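Let me begin by presenting the structure, written as structure tokens, before commenting on it.
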Amino acid sequence: MSKIVIALDYPSTEEALALAEKLRGRGLWMKVGMELFTLGGPEVVRALQNMGYEIFLDLKFHDIPNTVRGAVASAARLGAGLTTIHLSGGEEMCRAAVLGASAAPGLTVLGVTVLTSLSSEDLAADLALYGVDGAAPSPAALALNRAVAARNWGLRGIVCSPHEIETIKAACGSDFICLTPGIRLAGGATQDQKRVMTPGRAAALGSDFLVVGRAVTAAPDPEAACDLVLEDIAQAK
Ligand code: C5P
């Protein structure tokens, strides 16, 4: 069964907690990302946990292996259920992250494959910096290669576009966790997301965690919008 994670991308702790309060009782997870954590720190995580929420601490760690191991261990001590690292940090860093979570069976480390903001041109420009001429992989091909590497390095899942669920699960196994942002209700505004999908369709494709941000947080009635997301998923099953 797909779980729903609400992205609390707010510039203030008060706004984030007010929405979380309104959405209580629906079995949701809450995503605390860089914007909210930089401001609200561990206190905002504890306040959400006190409301009964499971936490996705989405800080996308990318540093030397020892530092990432320590950061993931801190996320475990905070009681987060999910956290993220950049797979571009390499094998040693990724294995260190898995080690950091090893004492906390409740924490799953997910790898960010390729940022959805990066185009083929961006990847080619990056390769040129390494002195490599020629064709760069497409973001989707790189995402798949990184997902396979992540599984080999001991990670239990990745963050990907809902359009990549089928290919990645086919290559990595159906129990390899796919967490998918880019979720929009049918007819909803897409904002800066380029490849969106409805909650029901993403759930039917096997998304394990659906990250829903502005489809709920920017709706005139966030509670009603959240219930539409849940209905869409229930109907798709
Ligand atoms: O508002 P929206 O539903 O587009 O929010 C998506 C959330 O998922 C944001 O918090 C964003 O940081 C996150 N995200 C994303 N694309 C990725 C990784 C994370 O949109 N590739």
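The values are calculated or read from the model by the stated rules, or taken from the named source; none is laboratory data. Computed from a predicted model, the values in this text were never measured in an experiment. Every residue, glycine as well, gets a Cβ built from its backbone with ideal geometry; the counts of neighbours run over all protein chains shown. Accessible surface is based on the protein model in full, side chains and every heavy atom, while ligands, DNA and RNA are left aside. Shrake-Rupley method; radii C 1.70, N 1.55, O 1.52, S 1.80 Å.
Of these, Ile165, Ile158, which one is within 15 Å of the ligand (Cβ to nearest atom) and either open to solvent by 40 Å² or more (accessible area, probe 1.4 Å) or not in a helix (DSSP H, G or I) (or both)? Matching residue, one of Ile165, Ile158: Ile158.
For the stretch 104-137, filtered to residues that are open to solvent by less than 50 Å² (accessible area, probe 1.4 Å) and assigned to a loop (DSSP other than H, G, I, E, B), the residue that is nearest to Gly81 (Cα to Cα) is Leu107. Examine the stretch 137-145 for a residue that is within 30 Å of Ser102 (Cβ to Cβ), modelled with pLDDT of 95 or more and over 15 Å from the mean Cα position of the chain (by Cα), and state whether such a residue exists. Taking every residue of the stretch 137-145 in turn, at least one turns out to be within 30 Å of Ser102 (Cβ to Cβ), modelled with pLDDT of 95 or more and over 15 Å from the mean Cα position of the chain (by Cα). Among the numbered conditions (1) within 14 Å of the ligand (Cβ to nearest atom); (2) open to solvent by less than 60 Å² (accessible area, probe 1.4 Å); (3) not in a helix (DSSP H, G or I), the only one that Gly206 does not meet is (1).
I want to confirm something. Restricting to the stretch 186-197 and keeping residues that are over 16 Å from Glu164 (Cβ atoms) and open to solvent by 40 Å² or more (accessible area, probe 1.4 Å), which single residue is farthest from the chain's Cα centre (by Cα)?
So in the stretch 186-197, the residues over 16 Å from Glu164 (Cβ atoms) come out as 186-192.
Of the ones still in play, those that are also open to solvent by 40 Å² or more (accessible area, probe 1.4 Å) are 186-187, 189-192.
Values: Ala186: 21, Gly187: 23, Ala189: 20, Thr190: 18, Gln191: 18, Asp192: 16 Å.
Restricting to residues being over 16 Å from Glu164 (Cβ atoms) and open to solvent by 40 Å² or more (accessible area, probe 1.4 Å), the top hit is Gly187.
Can you confirm whether Cys226 is closer than 28 Å to Glu21 by Cα, away from the ligand (no atom under 11 Å from the Cβ), not in a helix (DSSP H, G or I) and not β-branched (Val, Ile, Thr)? No.
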